[in-house]
1. Tell me the label-point distance for the pair E128, L51, using the 7 Å Cα-to-Cβ offset, in nm and rounded to one decimal.
2. Just from the alpha-carbon atoms, what are the Rg and Dmax of the stretch 1-55 in angstroms?
3. What nm distance separates the two modelled labels at R12 and E58, each placed 7 Å from Cα along Cα→Cβ?
4. Note the angle between two axes, namely the Cα long axis of helix 98-107 and the longest principal axis of the Cα atoms of the chain, as a number of degrees from 0 to 90, rounded to the nearest 10.
5. Consider the candidate values (i) 76, 32, 30; (ii) 91, 40, 32; (iii) 57, 36, 34; state which one is Cα extents along the principal axes in Å computed from the structure displayed.
6. With a 1.4 Å probe and all protein chains kept in place, how do T119, T24 rank by accessible area, largest first?
7. Would you kindly derive the ³J(HN,Hα) couplings of the stretch 50-55 from the backbone phi angles with the Karplus curve 6.51 cos²θ - 1.76 cosθ + 1.60 (θ = phi - 60°), listing them in order in whole Hz, with x for Gly and Pro?
8. If each of L115 and Q78 carries a label point 7 Å out from its Cα toward its Cβ, how far apart are those two points in nm?
Amino acid sequence: MKKLLFIDACVRGEKSRTKELCDTYIHCYAAANPDTVVDRVPLTDLDIKPLSHERILERNGYVTAGDFSQPMFDLANQLKSADVIVIGTPYYDLSFASVLKVYIENVVVADLTFLATDTGFEGLCNSEKMVYITTAGGSMEGQNFGYDYFCGMSGMLGLGEPQLIKAEMLDVFGYDADAIMKETKEQIAAMF
């Protein structure tokens, strides 16, 4: 059985074109891998907060004790157990929705999702692949720093081979958004 973790930072919910592409990918993946269990993390529905000084001290105490059973580690444990990770986020300000950064702060946990060694980081997640799906109203102009960031996170945490799926120019006059979305969905289906 495969576990696909969908980290949903599609802040527009069901109106999100990014979510539409994510749903297409998840459907195609599950059809090609019928033993797949999909676990969804709707970030805008969770009460996750940026780390404060107090929460860092609390977390460090549990890490020192090796106690990763506390609720504050639920998202990190969930990430660690995934075989495939799908991240869906709109392209905002050359990057991604801020709720996704807050999620990352909560799952990057020393000795749980990564080890810090004298030669660098060693990822402990061991997923096969990380698929980053994004949409943009205009052109990303080769500046998708959100994807670049997650390529780094993939190496640090062991999230697997990174893959980018994107649809851009969706709100630019003269471009057919429906045709761009259709073509991107066809590209997704062709992956399987």
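1. 3.1
2. Considering the stretch 1-55 through its Cα atoms, Rg and Dmax are 14.1, 45 Å.
3. Placing both labels 7 Å along Cα→Cβ, they lie 3.5 nm apart.
4. Tilt relative to the chain: about 30 degrees.
5. It is the one labelled (iii).
6. T119, T24
7. x, 5, 9, 4, 5, 5
8. The two pseudo-label positions are separated by 2.7 nm.
The values are calculated or read from the model by the stated rules, or taken from the named source; none is laboratory data. Model, not experiment: these values are computed from the prediction. For neighbour counting, all protein chains shown are included, and Cβ atoms are generated from backbone atoms with ideal geometry for every residue, glycine included. These accessible areas exclude ligands, DNA and RNA; they are computed on the full protein's heavy atoms, side chains included. Shrake-Rupley method; radii C 1.70, N 1.55, O 1.52, S 1.80 Å.
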